[in-house]
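K.L.:
What follows is a single structure, and I will ask about it in a moment.
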Amino acid sequence: DQQVKQNSPSLSVQEGRISILNCDYTNSMFDYFLWYKKYPAEGPTFLISISSIKDKNEDGRFTVFLNKSAKHLSLHIVPSQPGDSAVYFCAASVVEDEKLTFGTGTRLTIIP
Amino acid sequence: NAGVMQNPRHLVRRRGQEARLRCSPMKGHSHVYWYRQLPEEGLKFMVYLQKENIIDESGMPKERFSAEFPKEGPSILRIQQVVRGDSAAYFCASSAPQGGTQYFGPGTRLTVL
């Protein structure tokens, strides 16, 4: 039972354009959502998070949007840079201090 | 280095041997989580520990796997009598006592021959 889904296994975006990564979830009890970035042979690096009381959170080039009614969140990266090429995982938990449920990841490639 | 530390980074074991994976949380963090990533899959939660306590082990296989986080020293994930299906990347994460974002270590890549 995949409670967090990332339906696009890969995405290619031109440098300088906007990258939009999507994530859907099925568990309505989730109230904390995070995005992690992962390079090969390294651990996930935290990017940005959002709690269910908000619908948007911004940090520099990264913005996360949460649509609770649709059980959908997205990560926007603008402008995209070559160093953004990595696998992006969305994750969710019921409370902040609980286990994370991860999606299967989206491999983002930024084309110079 | 204030980050989460894991060792060894790579571990090779033959079937039937024991594997011990270590995790030192970030300075000031007292919550430790272990996750496993099989090839081409996302990370799967295994266990959540605080000092000397297992808080949630709902993701741990029922047999051969155990975890501890003693009062002193690193957290240990122990796999007894390893099988080929245990080959994976094992990641440890830590968070602060008041909860919050989990920060991950570089992982231990276990290969079972």
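The values are calculated or read from the model by the stated rules, or taken from the named source; none is laboratory data. Values in this document were obtained by computation on a predicted structure and should not be read as measured data. Please note: Cβ atoms are built from the backbone with ideal geometry, for glycine as well, and neighbour counts cover all protein chains shown. Please note that ligands, DNA and RNA were not included when accessible areas were found on the heavy atoms of the full protein model with its side chains. Shrake-Rupley method; radii C 1.70, N 1.55, O 1.52, S 1.80 Å.
K.L.:
Take B:SER58 and decide whether it is open to solvent by 20 Å² or more (accessible area, probe 1.4 Å), hydroxyl-bearing (Ser, Thr, Tyr) and in a loop (DSSP other than H, G, I, E, B).
P.N.:
Values: open to solvent by 20 Å² or more (accessible area, probe 1.4 Å): yes; hydroxyl-bearing (Ser, Thr, Tyr): yes; in a loop (DSSP other than H, G, I, E, B): yes.
In short, yes.
K.L.:
Moving on to the next point. Those residues that are assigned to a strand (DSSP E or B) and touching a Lys or Arg at 6+ places or on another chain (Cβ under 6 Å), I need them from the range B:37-55; list them, please.
P.N.:
Hits for the range B:37-55 are B:LYS44, B:PHE45, B:MET46, B:TYR48.
K.L.:
How about the range B:71-113: which strands (runs of 3 or more DSSP E) wholly inside it have at least 3 residues that are within 14 Å of another protein chain (Cβ to nearest Cβ), of a type outside the set (D, E, K, R) and open to solvent by less than 10 Å² (accessible area, probe 1.4 Å)?
P.N.:
Working: elements: B:75-79, B:88-95, B:108-112.
Strands (runs of 3 or more DSSP E) meeting the threshold: B:88-95.
K.L.:
Give the range B:25-55 a look and list any residue that's at the interface with chain A (Cβ under 8 Å from one of its Cβ atoms) and surrounded by 15 or more Cβ atoms within 10 Å (Cβ to Cβ), or say none.
P.N.:
Of everything in the range B:25-55, those that are at the interface with chain A (Cβ under 8 Å from one of its Cβ atoms) and surrounded by 15 or more Cβ atoms within 10 Å (Cβ to Cβ) turn out to be B:HIS31, B:TYR33, B:TYR35, B:GLY42, B:LEU43, B:LYS44, B:PHE45, B:TYR48.
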